[in-house]
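Everything below concerns the one structure shown next.
Only the coordinates and a few stated rules stand behind these numbers; no lab work does. Because the structure is a prediction, the values reported are computed rather than measured. Here the Cβ positions follow ideal geometry from the backbone for every residue, glycine too, while neighbour counts run over all protein chains shown.
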Amino acid sequence: MTELTIAMPKGRIFEEAYQMLIDAGFNLPEEVEMSRKLMIEIPEEKIRFILAKPMDVPVYVEHGVVDIGIAGKDVLLEQKRHVHELLDLKISQCYIASAGLPNTKMNEIAPRIATKYPNVAMNYYKEIGEQVEIIELNGSIELAPMIGLADRIVDIVSTGRTLKENGLVEYERITDVSSRLIANPVSYRMKSARIQDIVTRLKKIVN
Amino acid sequence: MTTIKKFEKPIGMRDTFPVTYEKNETLRNIGRKFLRARGYEFVNTPTLEYYDTVGKASAIYDASLFKLVDSQGNTLVLRPDMTTPITRVATSKLLKEKIPLRLAYFANVFRAQQLEGGRPAEFDQMGIEIIGDKSVYADAEVIITAIQLVQNYSIESFKVTIGHAGILNCILNDYTENENQANKLRSLLIERNYVGFEEAVISFDLPKTKSDALLQFINEATNIETIEQIEKYVSKNDALLYMRQLAEIIQQADLTKYVSFDFTLSSHMNYYTGMLFELFADGSGFPLGNGGRYDGLLHHFGSDVGATGFGIRVDRLLEILPTQEPREKTVALIFEDALFTKALELANSLRNEGKLVTLQSKNGLINEEAFSLVFDEVLYVSQEDQLQ
């Protein structure tokens, strides 16, 4: 059996995906101690987990330093990296939407959009025939319309509570997001048996 | 804009240091010998080409082209690949002298990039083109040559994945309702977005037989051992027969173990009309090379004789290559000025033995000890004891 390296986002997605692997019959310890560790070895299954920032998972996979990874569709859309998208794990489901102050129109001359996802936002507004100016922020995007930095924000929405609490309303639903299993193109060929096996077994758990 | 520091190079440009240079040269010589022995003639083409000829016809995305303007106002490009210029020169000249042509190249190509490290903007490519032979044997020769070339570099762990643009088109057209749907699916396959493919198929609301067939296809067709497995999706046609023959020839050459078929394989290069393939090897996260039949590009240059070929990324080959053989012995010959003639004589006789001899004046050295350390052997030509 060949060694397989898997990049996982830290936190809740890791726990959910890890549980899916256990449910799929992989021999993994029930509890993993992962306080500050960045690598977890599972010799029984010849698997090594790399714990990364969600935004970085596709980077590791594209460069081939890990074979497969679990990444949010939002990150994949934003970064457009050369990876194979193999399976929708249907965990951490949410969506990307535009939002703003209630009953407002976008500025006609230079509508401004604040977002963590400049490419996704740019592509969306291009698609609907609207030329916008993008302001990239790294967090607390909801602030932007409230203090007059932008007309709209484009951000992840899961329950809509954050928007509501900050007095914003959702305008357009842009795209659905969930966690995906992705693979490096070379690993996908060189370790095809192992990767196919994981895909098949996880697919049964998803459905 | 930050100011450019003295040591900086444009993004993606790399210096070649002596060790890499030698490794590259060795690799080039092995490749040249191997390909010439198979009847391939090496050619080179200009670094600069017109945007309207080579630039536009090339398969490389426009945003990746380095563009310049000449004194007449024409847009020029730094060649982004070798296949397009070779097609230009073959269709305008070489095909009149010989057909089919078997050409080879080892040349630097340029792809602009603004992203991040790990992607050179200039790199060497090595490859072959067979122009003017539409037979299945030409395609088989290309694949077999690619495999044996890789083997020739003592790389053992590698794989070739073969697809066929015609068969994929057949399947996509047969099982969708209109061209838009087929194109949508094709572009998802180019991105290798299998999840998106399944979602799109479901969203099209196709008759159940069609959508079931497509969903089954996407699950099965990425990793196929024998051509028979794909036959249930397509009615018997020439392309299928062609692929069967191709598989047979590869088997006759006893190279089947390196080959698998993926009928979802698709390229944004619409000039790939028939068989196309990708080459992968352990040791690099990126594909080693690719190739295929590009009759469409020839057609663009006004010829219908057909062409097929492959290219390998030399930078990735360098990354993969096992440790290199020991270098020739390096010798430093440090002489005192008065004894230059003697030193020269000695140097020449050592050079005739095949050693790499550096002749260095003792007076010219700032730090003799440090200098001596980088050689396998150090000899002194000095007054006291003539020679040690």
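What FRET efficiency do you get for residue B:373 and residue B:62 if R0 is 51 Å and r is their Cβ-Cβ distance, rounded to the nearest 0.05? In this case the efficiency is close to 0.50.
Considering helices alone, the calculated mean residue ellipticity of chain A at 222 nm is -8500 deg cm²/dmol, with DSSP H runs of length four and up weighted by -39500 (n - 2.57) and normalised per residue. Look at the stretch A:9-20: the mean tally of other chain Cβ atoms within 10 Å of its residues' Cβ atoms is 0.
In this entry, chain B is assigned a mean projected area of 26.9 nm², taken as a quarter of its C-alpha convex hull surface. For residue B:33, the lysines whose Cα falls under 18 Å of its own Cα, not counting residues fewer than eight places away in the same chain, are B:23. Which shape class applies to the protein assembly as shown: rounded if a/c is under 1.5, otherwise prolate when a/b exceeds b/c and oblate if not, where a ≥ b ≥ c are the square roots of the Cα gyration tensor eigenvalues? In terms of gyration-tensor shape, prolate. Neighbour counts of other Cβ atoms within 10 Å put B:145, B:45 in the fewest-to-most order B:45, B:145. The helix-based estimate of mean residue ellipticity at 222 nm for chain B, built from -39,500 (n - 2.57) per DSSP H run of four or more residues and divided by its residue count, is -11000 deg cm²/dmol to the nearest 500. Ranked by the mean number of other Cβ atoms within 10 Å per residue, highest first, peptides A:90-101, B:241-252, A:174-185, B:6-17 order as A:174-185, A:90-101, B:241-252, B:6-17.
Annotation: the residues B:133, A:197, sorted from fewest to most other C-beta atoms within 10 Å of their own C-beta, follow the order A:197, B:133.
Distance from the C-alpha centroid of the stretch A:99-148 to that of the stretch B:249-264: 51 Å, rounded to the whole angstrom.
Counting only alpha carbon atoms, the long axis of helix A:192-206 and the longest principal axis of chain A meet at about 60°.
Summarising the label geometry, the points placed 7 Å from Cα in the beta-carbon direction at residue B:362 and residue B:235 lie 9.1 nm from one another. Look at the stretch A:181-194: the mean tally of other chain Cβ atoms within 10 Å of its residues' Cβ atoms is 5. Label-to-label distance for residue B:69 and residue B:33 is 5.0 nm, based on points extended 7 Å past Cα in the beta-carbon direction.
Spin-label model, residue B:154/residue B:53: points 7 Å from Cα along the beta carbon direction are separated by 4.3 nm. Separation of the alpha carbons by more than 27 angstrom is noted, of B:184/B:257; B:134/B:236; B:56/B:210; A:80/B:56, for B:184/B:257; B:56/B:210. Panel order for A:141, A:153, by other beta carbons found within 10 Å of each beta carbon, from fewest to most: A:141, A:153.
Relative contact order of the stretch B:330-381: 58 percent, from C-alpha pairs under 8 Å at least 6 residues apart in sequence. Over the stretch B:330-381, the pair-distance histogram of Cα-Cα distances with 5 Å bins from zero comes to 5, 23, 33, 23, 13, 3 percent, rounded to whole numbers. Normalised radius of gyration (Cα atoms, divided by 2.2 N^0.38 Å) for the stretch A:1-141: 1.30.
Enter the angle in degrees (range 0 to 90, nearest 10) between the Cα long axis of helix A:118-127 and the first principal axis of the Cα atoms of chain A, meaning the one along which they spread out most. Between the helix axis and the principal axis of chain A, the angle is about 60 degrees.
Rg then Dmax, both in Å and based on the Cα atoms of the stretch B:262-388: 27.2, 77. Taken along its three principal axes, the alpha carbon spread of the stretch A:94-176 comes to 29, 27, 24 Å, from the longest extent down to the shortest.
Peptide A:196-204 has a mean of 1 when you count, residue by residue, the C-beta atoms of other protein chains within 10 Å of its C-beta.
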